[in-house]
Every structure is written in C-alpha cells, then in structure tokens.
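Student: I'd like to ask some things about the structure below.
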Amino acid sequence: MPSFHRMRLPRVYPLTDVQLTSLSHAEQVKRLSLGGATLIQLREKQMPAREFYEEARAAVAAAAQYGVQLIINDRLDVALAARAHGVHLGQDDLPPDAARKLLGTDAIIGFSTHNLEQAIEASKLPIDYVAIGPIFATTTKTDTSPVLGLDGLRAVRQALGDFPLVAIGGITHANAREVIQAGADSVAVISAVLSDPTCIPEATRKLKLEL
Ligand code: 3NM
C-alpha cells in the first residue's frame, strides 16, 4: 500500500515536552533545530487551545527560520490555524480520512498505532507515515499499550512493506540503532533529546550521528 506522499522520514523525529523541559514549544523547536532536527512534533496534552495556538504559532515561526517541518499532535484545529506542516493523530482523535479532507493533499498526516493489527489498518489510510509504539517501556507517557519490543517492530515492518514507519517509546541513545536495524525509518524520541534541557542541541546531534 503506498503512503500518501511517499514521505522520506528523517532518522530522528523529536517531540516537544513542556513538562519535561520547562521550556516553551518554540524554544524547544529552536534547540532541536540547532541540533539538526528537520521534522519536529509539538506534543501538548495540558494547555487550553487558546494558549496552545499561541505557542504553536511561535513554534511555526521558529521552525520556518530553520527550514524545519512542524507537526501538531492531536489538534487538527491548531494545526490548521497555526499553519503547521501537518498533524499527528492518535487512535481516539479525528479519523485520518476526515483530517485529510480538511487539511488537503499537501499536509503531512501521521497516525499512532500500538499493535500489528492497527498498523496494518493504518497503512490503508490517506496518511504519510505510521507510528508504532511503545517499542520499549517509557515513563514519558503513562497510558501506553503493551511494549512491542524489537520482534514486534520487525513484524510490523514485514507487514507494511516500504510504508514509512516511525518507532516510538523508550528509545534511547543506547538502543536507537537497533530500532532502525529492526525496520523503523525513524525514531520518535522525547527523553533521549530533552531530558537535559541545557543540552538539547548536543543530544539531538549525538543521536543523529549514532544512526
Ligand atoms: N507515544 P520517550 S510512547 C508520545 O506508544 C509517546 O504511542 C507512545 O517518550 C506510543 O521517548 C510515547 O521519552 C512516549 O520514551 C515517548
């Protein structure tokens, strides 16, 4: 099944986290971009829409300065209003085909899946990449599904052919290479690049070099 844009994913796909860093989304985008990130997802589970919209606009402006693509987690309305490059949807968000109708053909749409069946179903949708996770245990997200491990990831890769595939959950500097070798095109990471907010560019650059 072809993906929507035959998107070429970067190996490292960082997500922002205000709780972890105590930094604005725009400041995180800046630091991640300085470390060489080219695709970043704004992940925000707490802010009211009004505040998140303002933060997203500032982050879009920061991303534009660095030529980075910015994706908004969950909130299609915020993605549209802030003119982000796309949206990343979860299983309980607006369905990807409805989002595609509202966003048009140019936008990037990613979709979270948590097991092989969901990943196979996702690959039939008008999306640009499938995310699968958690690969390993993580403390960053609390309501996670059972871990897939590298074997689970290999099975997803096998079922999806060359469909663009992002792996997420518990990916660290120590295991990221194995995750790519098991079939992920890209590793989506939070703590691996954000856990020390003073070293975000360095941690991002290091992870890129490790892959
Ligand atoms: N989604 P870290 S796991 C945001 O399984 C997210 O879909 C997951 O954070 C999923 O890189 C996760 O710090 C947390 O483990 C990723």
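Student: What residue, among those in segment 116-159 that are over 20 Å from SER191 (Cα atoms), touching a strand residue (DSSP E or B) at 6+ places or on another chain (Cβ under 9 Å) and not aliphatic (A, V, I, L, M), is farthest from the ligand (Cβ to nearest atom)?
Tutor: Among them, the one singled out is PRO126.
Student: Could you list, in sequence order, all residues of segment 169-196 that are within 9 Å of the ligand (Cβ to nearest atom), of a type in the set (A, V, I, L, M) and in contact (Cβ under 8 Å) with a residue 40 or more places away in the chain? Steps first, please.
Tutor: To start, the set of residues in segment 169-196 that are within 9 Å of the ligand (Cβ to nearest atom) comprises 169-172, 187-195.
Next cut, of a type in the set (A, V, I, L, M) only: 171, 187-190, 192-194.
VAL187, ALA188, VAL189, ILE190, VAL193, LEU194 - these are the residues of segment 169-196 that are within 9 Å of the ligand (Cβ to nearest atom), of a type in the set (A, V, I, L, M) and in contact (Cβ under 8 Å) with a residue 40 or more places away in the chain.
Student: Here is a further query. Only residues in segment 1-14 that are farther than 16 Å from PRO126 by Cα count as the first member; pair them with residues that are among the acidic types (Asp, Glu) and surrounded by fewer than 18 Cβ atoms within 10 Å (Cβ to Cβ), Cβ under 7 angstrom, at least 6 apart or cross-chain, and list the lot.
Tutor: none
Student: Among the residues of segment 11-19, are any hydroxyl-bearing (Ser, Thr, Tyr), over 15 Å from VAL187 (Cα atoms) and crowded, with 21+ Cβ neighbours inside 10 Å?
Tutor: No, that holds for no residue.
Bear in mind that the values in this text are calculations on the coordinates, not laboratory data. Predicted, not measured: the structure shown is a model, and the values here were computed from it. All Cβ positions, glycine included, derive from the backbone under ideal geometry; neighbour counts span all protein chains shown.
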